[in-house]
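For reference, the structure discussed in these notes is given below.
All of the numbers you see were taken from the coordinates with simple rules; none came from a lab. None of the values given here were measured: they were computed from a predicted structure. Heads up, the Cβs are rebuilt from the backbone with ideal geometry, glycines too, and the neighbour counts pull from every protein chain shown.
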Amino acid sequence: MAQDAALQEQPATVEAQNKDAPQSDDALEKINLDDPSVANTPEFRGADEEEPEDSEIKNKTKRFYWFCSVPETEDHTYYHTVLLGNSRSTEHGIVLNNLSAQTLYKMNCPYVDCTAGIQQTENSNSFIANGTFWIMRYYHVLPDLRLKYRFGLSLFYDFQNLSGVSRQHNLYAGINSEMGAGKYIVFNICVLYGAKFSKIFSLQDEMPFLFNNDMGFGVTCSVRLPYRLILSMSISSYEDFYYPLFGAPTYTLGLSYTSKNRFQIKGEVAARYIDMFTLSSYLDCFWFRLMTGYTFK
Amino acid sequence: MKKIHIAIFTFTICISLLCTSCIYGLNEFLYRSDEANTRSPDVVNLNKSGAAPDIGTSSEFSVVVITDVHFGRNSKKDQSRHDDLFLSWLSAKQAELLSQGKPIKFCICLGDSTETGLVDDYQLYADFCARIKTQTGLVVYSITGNHDLMNSGWSHWKSTVYPYVSSYFFETAQGDKKFSWYFLDSGNGTLGYRQMKSCIGKMNRDENPKIVFSHYPIYAGGIFYFTLQNETERDTLLSAFASNNVKMVLEGQMHEGKKYSFGNKFTEIVESGYLDYRTTGVLTVNLTSQSVAFDEFSF
């Protein structure tokens, strides 16, 4: 999520970054106050496009927006991104040399982010759908720093068909919180409750499904680098297509590049752990993922 | 140097000292050298190596099962150990079951034999097994728990703990009445791909009724900690158990006992801990009726 948010941020005007600039009303007027339309603009809109001028928010250093409320000048464009990728795990753990093909579709607008995707591996098929409705957005301009905070409700659904073994339905709901400090760093924290249902074919006559309560968490930090690069780091108990029980987090490091013509390429490396709930945590495997995509309005 | 730098430096030093001095091997928190796939790539057949237990002519016999022995620490309840009490109980139970025609043939320990995986703890456990052997004549078959793997404990395990592997199976039989016993190495909270594949392959070729032993609970009624974390692995195992005439799955790790029934297929029992709950279990196998029963006892 945070990575998406970072993708969506648009660079502020030069004045906003200049700590020596006078913090007068005039100076604030020149600052892009990071209104929601900007916050939800993919990064490819960055340097080469004009920022919208928002008369409603001139001279205001603190602003709240609730639910679907937006400034008059809000850009209601919906941005759609399609990503195609391959992922491969190392020769460790329970998913030895697992090769998967993934397709993701993402839609972003000022108050909603949502994703749908499918994954195919040698012996399983997955479908995911998730979304976050940002119910509150808060923008605060300080003399040296612009803070952006948003809070929302998230819903995740994951379906996995494990050939000849089981069908899993994983449903998670929870809260999502994101803070951007300046235009370069975005932190995202997501806390979820999960309900997991698993229908095991050879047990279905005895038990319709197995049920698990679960929890989920994710912490992501995205950093905007020069040359349209975005570096992201995350610790999360779930991945796009992987929803294990709570104590098995994944550490991910990713780097993405988005060109001016809206093409995107993204590489990720991740370490999956098992049983970090106890002191005997265990590195299950590494996986690598390469994705390419395109964003359109 | 700024105060913040001094604070960060001090914090880093403290964390490093904490990690390196922790008896639980926190320095291995992010990486352990003996991963599941290399430690237990195959479920070894003990009948071939001659290490399988001898059940004599008994068609009905008993097995004592303990778990979470944790040599290297005392009970959290009364800060003491009760190993002598257990040995007394075992001798008495051995006589009692012998008189009932269900003699105890061997013992099983379901992991966490040691507290820290250090060599001193392993020596205590080896002494304990030797005392059982001396006093009752029973051999202890063990599998690894997560504590046993701390501080690179696998290197001590494979040299001191019988049968020196942690993933194995054997068959007990009287004529054509047989039972297979599968011991899985789940000390890392996962079997690893190779062990799971080996286990399922062997189960598929084995028509005997089976009993499975694992340190980590496979499902345990749906708790989300202390169980196998990867549901793909869990579902694959449970599916194999249901398809291959598994009668019972016995597990440790939680210390507090739990029982879960998969309908008429099999029962999953998480045994209460030996050290903290002063509990042991007796598994009774009837080869003639192809049935298995489990009871817990306090000592």
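Quantify how strongly other chains surround peptide A:194-207 by giving the mean number of their Cβ atoms within 10 Å of each of its Cβ atoms. Intermediate values should be presented prior to the final figure.
Values: counts 1, 0, 3, 0, 7, 1, 11, 4, 10, 10, 2, 4, 7, 6.
Mean number of neighbouring Cβ atoms from other chains: 5.
Rounded, prolate or oblate for the range B:33-298? Axes are the square roots of the Cα gyration tensor eigenvalues, ordered a ≥ b ≥ c, and the cut-off for rounded is a/c under 1.5. Provide the component values of the computation, followed by the final result.
Values: a/c = 1.35, a/b = 1.04, b/c = 1.30.
Rounded shape, in that the Cα axes give a/c under 1.5.
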Dipole of the range B:79-137 [Lys/Arg +1, Asp/Glu -1 at C-beta], most positive-end residue of B:Ser113, B:Ser91, B:Gln79: B:Ser91
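For A:Leu153 and A:Val112 in one chain, what is 0.36 nm times their gap in residues minus the Cα-Cα distance, to one decimal in nm?
13.8 nm
What is the magnitude of the charge dipole of chain B about its Cα centre, with +1 placed on the Cβ of each Lys and Arg, -1 on the Cβ of each Asp and Glu, and no other charges, expressed in debye to the nearest 20? Don't jump to the answer; show the numbers that get you there.
Values: 28 positive and 32 negative charges, 56 e Å.
So the dipole magnitude of chain B works out to roughly 280 debye.
Sequence gap at least 6, Cα distance under 8 Å: using those rules, report the relative contact order of the range B:33-298 to the nearest whole percent.
On the way: 598 pairs, mean separation 60.7, N = 266.
Once normalised by length, the contact order is 23 percent.
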Most to least packed among A:265-275, A:159-169 [average Cβ atoms within 10 Å]: A:265-275, A:159-169
Karplus (6.51, -1.76, 1.60) ³J(HN,Hα), θ = phi - 60°, over the range A:202-207, in Hz, Gly and Pro reported as x: 6, 10, 5, 6, 8, 9
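Calculate the mean, over all residues of peptide B:258-269, of how many other protein chain Cβ atoms lie within 10 angstrom of the residue's Cβ.
On the way: counts 0, 0, 1, 2, 6, 5, 2, 6, 2, 0, 0, 0.
Going residue by residue through B:258-269 and averaging, the value is 2.
In the neighborhood of A:His169, defined by Cβ-to-Cβ distances under 9 Å, what is the net charge if each Lys or Arg adds +1 and each Asp or Glu adds -1?
Charge balance near A:His169 sits at +2.
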Above-threshold pairs, the threshold being 27 Å between Cα atoms, out of A:Lys196/A:Lys297; A:Lys62/A:Lys106; B:Lys77/B:Lys105; A:Lys196/B:Lys265; B:Lys48/B:Lys93: A:Lys196/A:Lys297; A:Lys62/A:Lys106; B:Lys77/B:Lys105; B:Lys48/B:Lys93
Projected label distance in nm at B:Tyr162 and A:Cys68, using a 7 Å step from Cα toward the beta-carbon: 7.3 nm
Sequence-distant residues sharing a close amide H with B:Phe106 (under 5 Å, placed H): B:Val64
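Hey, could you grab the Kirkwood Rh for the protein assembly as shown? Inverse mean 1/r over distinct alpha carbon pairs, Å, one decimal.
On the way: mean 1/r = 0.0374 Å⁻¹.
About 26.7 Å, per the Kirkwood formula over Cα pairs.
Compute the FRET efficiency between B:Ser58 and B:Asp120 as 1/(1 + (r/R0)^6), taking r as their Cβ-Cβ distance and R0 = 60 Å, and round to the nearest 0.05. Before the final figure, lay out the partial values.
Numbers: r = 38 Å, r/R0 = 0.63.
After rounding, the FRET efficiency stands at 0.95.
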Virtual spin-label span in nm between A:Leu231 and A:Ser259, 7 Å along Cα→Cβ: 2.4 nm
Average other protein chain Cβ within 10 Å of Cβ, residues B:239-246: 3
Length gained when the stretch B:Thr12-B:Ala173 is fully extended (0.36 nm per residue, less Cα-Cα span): 52.1 nm
For the range B:1-128, size of Cβ-based charge dipole, Lys and Arg +1, Asp and Glu -1, in debye: 480 debye
Selection from A:Leu155, B:Ser59, A:Ile189, by position along the positive dipole direction of the protein assembly as shown (Cβ): B:Ser59
Whole-Å semi-axes of the range B:238-284's equivalent ellipsoid (Cα gyration tensor): 23, 10, 8
DSSP loop trypsin sites (Lys or Arg not before Pro) with at most 10 other Cβ within 10 Å: longest gap in chain B: B:78-204
Gain in span if fully extended, A:Leu84 to A:Ile135, counting 0.36 nm per residue against the direct Cα distance: 15.4 nm
Label-point separation, B:Ser243 to A:Ala173 (7 Å along Cα→Cβ), nm: 3.6 nm
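Would you please put B:160-168, A:177-185 in order of how densely packed they are, using the mean number of other Cβ atoms within 10 angstrom per residue and starting with the highest?
Values: B:160-168: 20.9, A:177-185: 18.4.
In descending order of packing, they fall as B:160-168, A:177-185.
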Karplus 3J(HN,Hα) series, Hz, for the range B:276-287 with 6.51 cos²θ - 1.76 cosθ + 1.60 (x for Gly, Pro): 7, 10, 6, 10, 9, x, 10, 9, 10, 10, 10, 5
